[in-house]
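No lab work stands behind these numbers, since they all come straight from the coordinates. Source: prediction; values computed, not measured. Here the Cβ positions follow ideal geometry from the backbone for every residue, glycine too, while neighbour counts run over all protein chains shown.
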Amino acid sequence: MNFWSITLDLLVGFGETLKIFGVTLALALPLGLIIAFGSMAKFKPLSALTRGIVWVVRGTPLMLQLIVVYYGPGIVFGTPIFSAYSATYITFTVNYACYFSEIYRGGIQSITKGQYEAGQVLGMTKSETFFKVILLQVVKRIIPPMSNEIITLVKDTSLARIITYYELIYFAQRYIKNGGILWPLFYTAVYYLVFTALLTVFFRWLEKKLDYFKA
Amino acid sequence: MKMLEVKNLCKRFGSNEVLKGVDLALNKGEVLSIIGSSGGGKTTLLRCLNFLEKADSGEILVGGKSVYHAVDGQKPVVSAEAQLSFGLVFQQFNLFPQYSVLGNLMLAPKLRAKRKSTEGPRETAEQIAARAQKLLETVGLTDKANAYPCELSGGQQQRVAIARALMLEPDILCFDEPTSALDPELTGEVLKVIRSLKDSERTMIIVTHEMEFARHVSDCVIFMADGVIEEEGTPEEVFDRPKSEKTRAFLSKTC
Ligand SMILES: Nc1ncnc2c1ncn2[C@@H]1O[C@H](COP(=O)(O)OP(=O)(O)O)[C@@H](O)[C@H]1O
Ligand SMILES: [Mg+2]
C-alpha cells in the first residue's frame, strides 16, 4: 500500500462524496426556490404548512433525518423502500432545500417594493419583473450566506457514511479495519480542504462579477 | 374629447378615507400640477392612476374609453391597455441597478415586443435602441448610455427614469415629487427636462412642491387637501387669486 495508490483510492471515495454534493446542489437549489415561494404564499394554509416543514427539517439533526428516511420505511412497512443512495440524495436535497429557502426568502424580501412597482408601471408581467429585475439582485445579496451553506454541505456529506453510503470517510476507514493503517483517515482532510478552497475562490470570483452594480 | 377623465375616484386604507371622490379632466398635451400639503392623498391618486393601488370606486377613462371601473365592494373592471396608458416617475427613481442606462430604457420595450401579438409589426431591437438613444438626447445623457445607476448623481438617475418611462409612450405621464429626493442643486436639471417635454402631444400630471415650476409649466393646477380637490384653475387663478381659505393658508406657508 503506497501513498499514491491510497491517494487514488481515496479519490474514488471522494468521487462518491462529490456525487452527494452535486446531486444535492442540483436539486436543492431549485427546490429551495419553490419552498421559498411556498413559505411566502398569500394562501395561509400553504405558507403555514411550508413553514412547518422548514421548521422540522431545520430543527432536527441531518443525521437523524438520514436514519429515519433509510431505516424508517423498513420498520413501518416491514421492507425498506430506499437504497442508501436514494435515501441520502432525498434527505440531503430536502434538508438543504429548506436551508436555501430561508436564505432565498430573506433575499427576496429585502428587495424594495419600488423595484416591483417600476416593473409593473413599465407594463412588465410579474414573472418578467421577477426573472429580469429581482432575481439577479437577490443572487447578489445571497451569495455570502449561500457560499457558507454550500461549504457546510461539502463536509456534511460525510454523514451519509452512517447509512452505509460509501463515501470518502468510509474508504479511509477501510484501511483501519483491513490493515490498521490510520493515516488515510486523517489524510481525507486534504480532499475536503482543497475542494472548499476551490469553492471559496469560485464564490469570490462570483462576488467580483456582480460588483459592477449596487443592490 | 378628453385625453383623461377621472370620475368620483375613492380610496380607503382601512377606515382611513384617503381619496373622497376625485374628479379630473385633461386635454391632450395639457400639463396638470397637483400641489398640497403632505398626507393629502396626492401620491395615492397617482398610484391609483397607475394601478399600484386599486381605487375602491370610480372610473378612469383614457381617450374616451373606460380603462378602469370600480363599484364599491365589487371586483374592478380593468382593461388590458390600462397599464400602458399611464407612466409613472417615482420620487425614488427606482431604476434597475443591474442594468446600464441603456438597459434600463430598453428592458420593458424589448419584453413588450417579445410578448406582443396584436396590431402592427413588432418593434426590432435596433428600433428600440434608436428610440432609447433619442430619448437619452432629450434628457441630456447621451454620454452616460453605458453607465450604471450607481455611477450617476440623483439628478441624472431621475432623468434616466423619465426617459425610461417615455420609452413606453404612455398617453399620460405622471410624476410623483420628481425632485423631492434630490439635493437642491440638482433639482434644476430635472425640472428643466420636464419642462422641455411639454408639447402638444404629451399629457402630464406632476405632483410637486416647486411652486415656481408649477406656475410656469402647468396649464392647470389643483390644490388637494384631505382627499378632495379643494381648488382648481389656471396657475394664475390658483396662485394669485385663490378662493379657498385652505389654499391661501397653504400658499402663504410655502411661498
Ligand atoms: N399603503 C397605505 N396603507 C395605509 N395608509 C396609506 C397607504 N398609503 C397612503 N396611506 C395614507 O393615505 C394618506 C395620504 O397619503 P399620500 O397619498 O401619500 O399623501 P401625499 O402624497 O399627498 O402626501 C396618508 O394619511 C397616508 O398615511
Ligand atoms: Mg406623496
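Would you be so kind as to identify which of A:Thr7, A:Ile67, A:Val56 lies farthest towards the positive end of the dipole of the stretch A:7-152, taking Lys and Arg as +1 and Asp and Glu as -1 on Cβ and the Cα centre as origin?
Ranked along the dipole, the leading option is A:Val56.
Which lysines does B:Lys20 reach when only Cα atoms under 16 Å apart count, and residues fewer than 8 places away in its own chain are ignored?
B:Lys7, B:Lys11, B:Lys42, B:Lys54
Need one word for the stretch B:171-233: rounded, prolate or oblate. Basis is the Cα gyration tensor (sqrt eigenvalues a ≥ b ≥ c); a/c below 1.5 gives rounded, then a/b vs b/c decides.
oblate
How many percent of DSSP beta bridges within the protein assembly as shown run antiparallel, rounded to 5?
If we restrict to bridges inside the protein assembly as shown, about 60 percent are antiparallel.
Can you compute the FRET efficiency between A:Ala197 and B:Asn8 using 1/(1 + (r/R0)^6), with r the Cβ-Cβ distance and R0 = 56 Å? Round to the nearest 0.05.
Efficiency computed from Cβ-Cβ geometry: 0.25.
First select every other residue whose beta carbon is under 13 angstrom from the beta carbon of B:Thr142; then total the charges, Lys and Arg +1, Asp and Glu -1.
Summing Lys/Arg as +1 and Asp/Glu as -1 gives +1.
If the cut-off is a Cα-Cα distance under 15 Å, which aspartates and glutamates reach B:Lys2, setting aside same-chain residues fewer than 8 apart in sequence?
Result set, ordered by chain and number: B:Asp23, B:Glu30, B:Glu59, B:Asp171, B:Glu201, B:Asp219.
Could you list, in their original order, any pairs among B:Lys116/B:Lys198; A:Lys42/A:Lys126; A:Lys209/B:Lys134 whose Cα atoms are separated by more than 20 Å?
Correct reply: B:Lys116/B:Lys198; A:Lys209/B:Lys134.
Report the net charge of residues surrounding B:Thr247, where surrounding means a beta-carbon distance below 13 angstrom and charges are Lys +1, Arg +1, Asp -1, Glu -1.
After counting each charged neighbour, the total is -2.
Can you tell which of A:Thr93, A:Thr188, A:Thr129 shows the greatest fluctuation in a Gaussian network model of chain A with Cα springs below 10 Å?
A:Thr129
Please rank B:Val139, B:Val31, fewest neighbouring Cβ atoms within 10 Å first, as an exposure proxy.
Neighbour counts put them in this order, fewest first: B:Val31, B:Val139.
Please report how far the C-alpha centroid of the stretch B:140-199 lies from that of the stretch B:61-88, rounded to the nearest whole angstrom.
27 Å
Highest GNM mean-square fluctuation, chain A, Cα pairs closer than 10 Å: which of A:Lys140, A:Lys44, A:Lys19?
So, out of A:Lys140, A:Lys44, A:Lys19, the one fluctuating most is A:Lys44.
Using a ≥ b ≥ c from the Cα gyration tensor of chain B (square roots of the eigenvalues), is it rounded, prolate or oblate, where a/c under 1.5 gives rounded and otherwise the larger of a/b and b/c decides, a/b for prolate?
The shape class here is oblate.
Tell me the net charge near B:Phe13. Cut-off is 11 Å between Cβ atoms, B:Phe13 excluded, with +1 for each Lys or Arg and -1 for each Asp or Glu.
Neighbourhood net charge equals -1.
Just A:Tyr89, A:Tyr192, A:Tyr175 to compare: in a GNM of chain A, with alpha carbon springs under 10 Å, which one fluctuates most?
Largest GNM mean-square fluctuation: A:Tyr175.
Provide the FRET efficiency to the nearest 0.05 for the A:Leu25-A:Lys177 pair, computing r from the beta carbons and using R0 = 41 Å.
0.85
Ordered by residue, what ³J(HN,Hα) values in Hz, to whole numbers, does the stretch A:77-84 give under the Karplus form 6.51 cos²θ - 1.76 cosθ + 1.60, where θ = phi - 60° and Gly and Pro are x?
Listing the rounded values in order: 9, x, 9, x, 9, 9, 6, 4 Hz.
Let a ≥ b ≥ c be the square roots of the eigenvalues of the Cα gyration tensor of chain A; is it rounded (a/c under 1.5), or, if not, prolate (a/b larger than b/c) or oblate?
Since a/c reaches 1.5 but b/c is at least a/b, the shape of chain A is classed as oblate.
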